[in-house]
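Engineer: Sharing a structure below in structure tokens format, with a few things to ask.
The values are calculated or read from the model by the stated rules, or taken from the named source; none is laboratory data. From a predicted model like this one, the values you see are computed outputs, not experimental measurements. Cβ placement follows ideal geometry from the backbone for every residue including glycine, while neighbour counts extend to all protein chains displayed.
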Amino acid sequence: MRRYFSRLLFASLIVATVSPAFADRDRRRDRREDRRERRDDRQDRREERREDRQDRREDRRERRADRAPPAVRVERWKPRRGYTWVEGQWTWNGGDWVWTSGRYERERRGHRWRPARYEQRDGVYVTVDGGWIALGPTAAPPTLREERWDPRAGFVWVRGSWDWQGDQWVWVPGHYERERANARWRDRRWEQRDGVYISVEGGWDIR
């Protein structure tokens, strides 16, 4: 019997020693994931601002030619995950048409690429550069639904939200997320930008 209690005490000591170590490891992993997510978000915002500035500069430029551009060249390209293929185009350099090869552009959530086009105005051809066009609803989402939920130890309740699917608003029910040390859940929201509502996804914020 004494030997049994000795083994039981030894096992309890091992559990008491190992459990905090595993908990600390989980917390460190969660903090690393949160930092990585924040870095990715900042990088995406910087790229969007840079592309927005470039789009505005390109929108202000119009090149006028005295004759129509040649037929668009056929280019070979392969789908690339996370990128959109932008077709090449003819550019007027003041005296002749010069071909500009196609390229890959990093995808932008909630946007699609508008190809360049040529318009005839007052007897001359004008190049209208391509750019990103926002996709999504133009009307605000409905009021959030009231949901019943019970507190659950070790979990956070993430309230439901409206999602734009195809051409209509669809309700996505709430769910539980496992708690993270020193972190607070940020609910999803919709922001109006350039006349279109864009989804800002929820996530964990470090306190």
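Engineer: Hey, among Val128, Val86, which residue is in contact with a strand residue (DSSP E or B) (Cβ under 8 Å, 6 or more places away or on another chain) and modelled with pLDDT of 90 or more?
Structural biologist: Being in contact with a strand residue (DSSP E or B) (Cβ under 8 Å, 6 or more places away or on another chain) and modelled with pLDDT of 90 or more holds for just one of Val128, Val86, which is Val86.
Engineer: If I go through the range 155-194 residue by residue, how many of them are in contact (Cβ under 8 Å) with a residue 60 or more places away in the chain and more than 15 Å from Asp30 (Cα to Cα)?
Structural biologist: Looking only at that region, the number is 1.
Engineer: Now a separate question. Going residue by residue through the range 163-171, is there one that turns out to be surrounded by 12 or more Cβ atoms within 10 Å (Cβ to Cβ), under 30 Å from Val86 (Cα atoms), of a type in the set (D, E, K, R) and modelled with pLDDT under 90?
Structural biologist: No, the range 163-171 has no match at all.
Engineer: Further question on the same structure: Would it be correct to say that Arg112 is in a strand (DSSP E or B) and exposed (fewer than 13 other Cβ atoms within 10 Å of the Cβ)?
Structural biologist: For Arg112, the condition - in a strand (DSSP E or B) and exposed (fewer than 13 other Cβ atoms within 10 Å of the Cβ) - is met.
Engineer: Quick check: anything in the range 168-177 touching a Gly at 6+ places or on another chain (Cβ under 7 Å) and among the charged types (D, E, K, R)?
Structural biologist: So far as the range 168-177 goes, no, none of its residues is touching a Gly at 6+ places or on another chain (Cβ under 7 Å) and among the charged types (D, E, K, R).
Engineer: Checking the condition at pLDDT below 75 and either over 20 Å from Arg114 (Cα atoms) or assigned to a helix (DSSP H, G or I) (or both), which residue from Arg27, Arg32, Arg39, Arg57 passes?
Structural biologist: Exactly one residue qualifies, and that residue is Arg57.
Engineer: Within the range 123-146, can you find the residues that are without any contact (Cβ under 8 Å) to a residue 40 or more places away in the chain and over 30 Å from Asn93 (Cβ atoms)?
Structural biologist: Once the filter is applied, which keeps residues that are without any contact (Cβ under 8 Å) to a residue 40 or more places away in the chain and over 30 Å from Asn93 (Cβ atoms), the range 123-146 yields Pro142, Thr143, Leu144, Arg145, Glu146.
Engineer: Could you grab me the full set of residues in the range 148-186 that are touching a strand residue (DSSP E or B) at 6+ places or on another chain (Cβ under 7 Å), outside any strand (DSSP E or B) and among the charged types (D, E, K, R)?
Structural biologist: Arg152, Glu179, Arg180
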